[in-house]
Amino acid sequence: MTLPRLLMSPPEYFDVVYEINPWMSVRRKVEKKHAVKQWENYHRLLVDQLKVKVEILDPVRGLPDMVFTANAGLVYKRLFVRSNFRHRERQGEEPYYEKWFKKKGYKVKTVDAPLNFEGEGDALFMGGELFAGFHFRTDVVAHEIISGYIKRPYFSLELCDKRFYHLDTCFAPVDDKTALVFMDAFEPYSRLGLLENIPDPIEVPEKEALNFACNAVILGQDVILPEGCPKTEDALKKRGFRSHSLDFTEFLKAGGAAKCLVLKL
Ligand code: ARG
């Protein structure tokens, strides 16, 4: 199996200076040194140990959430569907993403304003189908437009708990059969849909979901997730996956962990 290339952006200007999700508090500042160390450990695991190719996007002063490249947009083959952020605080990131992808030769599209779409944070492929979240950050109407751009079927999932404001905070496709999922973050109808569409769901307990267990990155048989999720790790190991747990505590202060920090290219 060929591993995907990933896009990351170093935490040089990462901080919590505004509050756009319930995890963020401007009174709980980021420990810059720790954040850099946590990000570097993660980068090292990806590059040195797992042999993943990681591309770097230069961070920009004044755009503290730019470390969360998962929200840049959605990549499908040579097309980049750029995000339209819901919150003004993150809209300044948009031109930097667009510029990077254009320079790399991608075709760039977006959904038209006033529609919002927050990239891979709310759009994850599972077995050729796009599982797409909506409610807090992405508009449901955007799903159909994106599905039309990439010509892949989609499946809309409604989020209902503001702590799990992006789909990638409560759902992670592991392979064609298995996904990590925190069911309580979804509206009842979406829960039924998940159970119908996922042959072997790993239902993550609330305690671990609050630790961002579902914000996992799956690279073949290797899974990277935050420390403190033993039940989730056991369930993965039982299915033959290797888990790597890392410290993401500084990024959790902004409501992000492993998955939010990378974008599949
Ligand atoms: N502070 C960021 C925000 O609220 C965190 C983004 C996390 N990214 C993700 N893919 N869930 O927008």
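Observations on the structure shown:
- Gyration tensor verdict on segment 66-161 (Cα atoms; rounded if a/c is under 1.5, prolate if a/b is larger than b/c, oblate otherwise): oblate
- Rounded FRET efficiency, nearest 0.05, which uses the C-beta distance separating LYS231 from ASP112 and R0 of 41 Å: 0.45
- Cβ charges +1 (Lys, Arg) and -1 (Asp, Glu), total dipole of the chain, debye: 900 debye
- Antiparallel bridge percentage (DSSP; both residues within segment 35-178; nearest 5): 50 percent
- Each Lys or Arg adds one and each Asp or Glu takes one away; over the other residues whose Cβ falls under 12 Å from the Cβ of VAL26, this sums to +1.
- Straight-line cross-link partners of LYS107 among the aspartates and glutamates, defined as a Cα under 13 Å from its Cα and at least 8 positions apart when in the same chain: GLU98.
- Residues GLU158 and LYS32, FRET efficiency given R0 of 41 Å [Cβ-Cβ distance, rounded to 0.05]: 0.65
- Net lengthening on full extension, ASP48/ASP175 (0.36 nm per residue, minus Cα-Cα): 43.4 nm
- Anisotropy class of segment 99-154 from Cα gyration tensor, a/c 1.5 cut: oblate
- Share antiparallel - DSSP beta bridges, the chain, percent rounded to 5: 45 percent
- Working ranking of peptides 158-164, 80-86, 98-104, 24-30 by packing, defined as the average number of other Cβ atoms within 10 Å per residue, highest first, is 80-86, 158-164, 98-104, 24-30.
- In terms of its alpha-carbon gyration tensor, the chain comes out rounded; the largest-to-smallest axis ratio a/c stays below the 1.5 threshold.
- Share antiparallel - DSSP beta bridges, segment 136-203, percent rounded to 5: 50 percent
- Couplings 3J(HN,Hα) of segment 111-128, computed from phi: 8, 6, 4, x, 6, 10, 8, 10, x, 5, x, 10, 8, 10, 7, 9, x, x Hz, in residue order, whole Hz [Karplus 6.51 cos²θ - 1.76 cosθ + 1.60, θ = phi - 60°; x for Gly and Pro].
- Computed with a 1.4 Å probe over protein heavy atoms only, the accessible surface of segment 1-99 comes to 51 Å² per residue.
- Mean-position separation - Cα centroids, segment 25-49 and segment 141-216, in angstrom: 26 Å
- In segment 1-67, the inverse of the mean reciprocal separation of distinct Cα atoms equals 13.3 Å; this is its Kirkwood hydrodynamic radius.
- With θ taken as phi - 60° and the Karplus curve 6.51 cos²θ - 1.76 cosθ + 1.60 applied, the whole-hertz 3J(HN,Hα) list for segment 184-191 is 5, 7, 10, 4, x, 5, 5, 4 Hz, x standing for glycine and proline.
- Under 22 Å of direct C-alpha separation, and excluding same-chain neighbours fewer than eight residues apart, LYS207 reaches these lysines: LYS162, LYS231, LYS237, LYS238, LYS253, LYS259.
- Annotation: amide H-H contacts under 5 Å for ASP222 (H modelled 1.01 Å from N, sequence separation of 5 or more, or interchain): ARG242.
- Among TYR18, TYR189, the sequence by solvent-accessible area, most first, with a 1.4 Å probe is TYR189, TYR18.
- For segment 151-247, alpha-carbon Rg over 2.2 N^0.38 Å: 1.02
- Whole-Hz couplings from phi, Karplus 6.51/-1.76/1.60, listed for segment 248-261; x for Gly and Pro: 10, 4, 5, 6, 4, 4, 9, x, x, 8, 3, 5, 5, 8
- In terms of the mean number of neighbouring beta-carbon atoms within 10 Å, the peptides 113-119, 44-50, 214-220 order highest first as 214-220, 113-119, 44-50.
- Dividing the convex hull volume of the alpha-carbon atoms in segment 1-156 by its residue count gives 121 Å³ per residue.
- Taking the 1.4 Å solvent-accessible surface of segment 1-147 as the whole, the part contributed by carbon and sulfur is 51%.
The values are calculated or read from the model by the stated rules, or taken from the named source; none is laboratory data. Here the structure is a predicted model, which means the values were calculated and not measured. We place every Cβ from the backbone using ideal geometry, glycine too, and count neighbours over all the protein chains shown. For the accessible areas, the whole protein counts, side chains as well, though only heavy atoms, and no ligand, DNA or RNA atoms are used. Shrake-Rupley method; radii C 1.70, N 1.55, O 1.52, S 1.80 Å.
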